[in-house]
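For reference, the structure discussed in these notes is given below.
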Amino acid sequence: MSLSRSPSPVPGGGWASPGLNIGSGRSSPTRGYTAGSSSATPVMWESSRLKKAGGSGYPSFATQNSSFLSKHMRKISSSLPRFNSSSSSPYSEKEKLGRGRWSAQNVPLLGRLRALMGRMGRKMKIRLLILLMLLFCIIVFYNTPLVYHWRRTSWLGGGQKFVIILAANVGGGVMEWKGAREWAIERDSVRNKKKYVGRWGYDLEIVDMSTKKRYAHEWRESWEKVDFIRTALRKYPKAEWIWWLDLNTFIMEPSYSLQDHIFDNLHKHVYRDINEYNPLNITHPMTDEYLDADSRSPVGDGNVNSVNLILPQDCSGFNLGSFFVRRSPWTDRLLDVWWDPVAYEQRHMEWEHKEQDALEQLYTTQPWIRKHTGFLPQRMINSFPPGACSENGNDTRIHYDQKDRDFLVNMAGCEWGRDCWGEMYNYRELSYWLNRNPWELFKEEFVAVIWFKLTGQKVKL
């Protein structure tokens, strides 16, 4: 086979190399080279042509294993904004028209969040997850109705150990029926107690103190509390303490739990020796020879766990507007004797304060009652407004003190010459003001003050 018969790799004939392109029978020369002509254009090699056209002439090359720095540089470059530029027009023209700049509003929110999460490291994602879980737990356990249930459990809050009995008066009593003010007092008092028990997981029992005939021959107005306490002990078998509250009471500091305020340090708050504050001038302790050592001791057996009845004392003696009773066989015995119709028949005409005077009589004459009775400072559970016990002026042992943030106010005796609704309203507003949250403080102490300075008008936010 001759050379002239060989196929040419160049379209139109001829070889790319001039050494291979000879006159082999062709009548016309190739385009890239003319034989025998010294002024003809030289042959252009392929690599030279590519280099002249602007290309590198070599294929791209990338290693299989990227270095640490290149990986992070690639992450950084991928996080930079991308320009929506087009190859059809110069960049300078797009810059003038504002089309070449990166626009964040064109990216959907979900896309931004996904991009942000993609740029986060593993440790940062774990920290963010822990923070979100912590925030979720705070919201669920402190700002939802679940707080009532978990604070009732014995291993978290122990709220089921406490029952609050609130004395209502649906019928209005014997002497008069309730008007608008009386209904308002009852509404505010009930709402106050419901919020408190809902916060700390206690039980609330609202009882009707309207006069009822418990026996065929007697009417016992205000004596029903003895019977209601006994009923509550049967109704709530897990309850350890019963807290009785009169209707004209208002819890000023709902952030105080009974555990933190009293029972976790009961030995520091309760005193057994009535001589520390003895407005009734009761002789204590008893000195009869037939009594045991605990009965003749001013502090009983000295064990705070043996205290089953906790009372405050006002200027006149025992006050049963707010007191505690513990579940025990001793308490069952006390309630039976306290409710005894025989003692009621014999002395009820002499007892001006009814069941309260009856309990004072039992404490005075019965040594077994003294051994298990303790007293709390009145302002811990039963502060008075200035109008109560005011014969000797303000008494720091009895009357409410805003600076000390007393726990509860009892408008005792307000129905005798004082304005019960006015006192309830004032202390309700004071409680709200003292227990404002940070947002309310910001609105009232900052925004409202600035608005008043600017406009001269007071605004309630």
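Annotations
- Filter pass, SER306 being open to solvent by less than 40 Å² (accessible area, probe 1.4 Å), farther than 26 Å from GLU355 by Cα and of a type in the set (Gly, Ala, Ser): no
Residue by residue, here is whether (1) open to solvent by 60 Å² or more (accessible area, probe 1.4 Å); (2) touching a Pro at 6+ places or on another chain (Cβ under 9 Å); (3) aliphatic (A, V, I, L, M) holds:
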{"site": "SER257", "(1), (2), (3)": "no, no, no"}
{"site": "ILE262", "(1), (2), (3)": "no, no, yes"}
{"site": "TYR277", "(1), (2), (3)": "no, yes, no"}
{"site": "HIS284", "(1), (2), (3)": "no, yes, no"}
{"site": "LEU291", "(1), (2), (3)": "no, yes, yes"}
{"site": "SER295", "(1), (2), (3)": "no, yes, no"}
{"site": "ASP301", "(1), (2), (3)": "yes, no, no"}
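- Where a residue in the stretch 162-183 is β-branched (Val, Ile, Thr) and assigned to a loop (DSSP other than H, G, I, E, B) and its partner, wherever it lies, is modelled with pLDDT of 85 or more and surrounded by fewer than 10 Cβ atoms within 10 Å (Cβ to Cβ), with Cβ under 6 Å and at least six apart: none
- Unmet requirement for TRP416, which otherwise passes all of (1) open to solvent by 60 Å² or more (accessible area, probe 1.4 Å); (2) in a helix (DSSP H, G or I); (3) aromatic (Phe, Trp, Tyr): (2)
- Taken over the stretch 436-460, the criterion of being surrounded by 10 or more Cβ atoms within 10 Å (Cβ to Cβ), more than 21 Å from the chain's Cα centre (by Cα) and assigned to a loop (DSSP other than H, G, I, E, B) is satisfied by VAL459 alone.
- Residue selected from the stretch 222-279 under the condition of a type in the set (Phe, Trp, Tyr) and assigned to a helix (DSSP H, G or I), by the criterion nearest to GLY201 (Cα to Cα): PHE263
- Answer from MET380, MET286 - the residue that is of a type outside the set (D, E, K, R), more than 25 Å from ALA168 (Cβ to Cβ) and in contact with a helix residue (DSSP H, G or I) (Cβ under 8 Å, 6 or more places away or on another chain): MET286
- The stretch 364-380, subset touching a His at 6+ places or on another chain (Cβ under 8 Å) and not in a helix (DSSP H, G or I), residue least open to solvent (accessible area, probe 1.4 Å): LEU376
- Test: MET124 is of a type in the set (A, V, I, L, M, F, W, C) and at pLDDT below 80: no
- Counting only residues that are within 28 Å of the chain's Cα centre (by Cα), aliphatic (A, V, I, L, M), surrounded by fewer than 17 Cβ atoms within 10 Å (Cβ to Cβ) and modelled with pLDDT of 90 or more, the stretch 153-203 holds 1 of them.
- Only one entry in ASN382, ASN394 is in contact with a Pro (Cβ under 7 Å, 6 or more places away or on another chain) and at pLDDT below 90, namely ASN394.
- Test result for TRP433, free of Cβ contacts under 8 Å to residues at least 24 places away in the same chain, more than 23 Å from LEU320 (Cα to Cα), loosely packed, with under 13 Cβ neighbours inside 10 Å and out of contact with any Gly (no Cβ under 8 Å at 6 or more places or on another chain): yes
- Members of the stretch 280-309 that are aliphatic (A, V, I, L, M) and assigned to a loop (DSSP other than H, G, I, E, B): LEU280, ILE282, MET286, LEU291, VAL299, VAL307
- Only one of the listed residues (PRO312, PRO298) is over 24 Å from PRO237 (Cα atoms) and modelled with pLDDT of 95 or more. That residue is PRO312.
- Among residues that are out of contact with any His (no Cβ under 9 Å at 6 or more places or on another chain), within 17 Å of GLY317 (Cα to Cα), open to solvent by 60 Å² or more (accessible area, probe 1.4 Å) and in a loop (DSSP other than H, G, I, E, B), ARG405 is not included.
The values are calculated or read from the model by the stated rules, or taken from the named source; none is laboratory data. Note that this is a predicted model, so its numbers are computed, not measured. Using ideal geometry, Cβ is built from the backbone for each residue, glycine included, and neighbour counts are taken over all protein chains shown. For the accessible areas, the whole protein counts, side chains as well, though only heavy atoms, and no ligand, DNA or RNA atoms are used. Shrake-Rupley method; radii C 1.70, N 1.55, O 1.52, S 1.80 Å.
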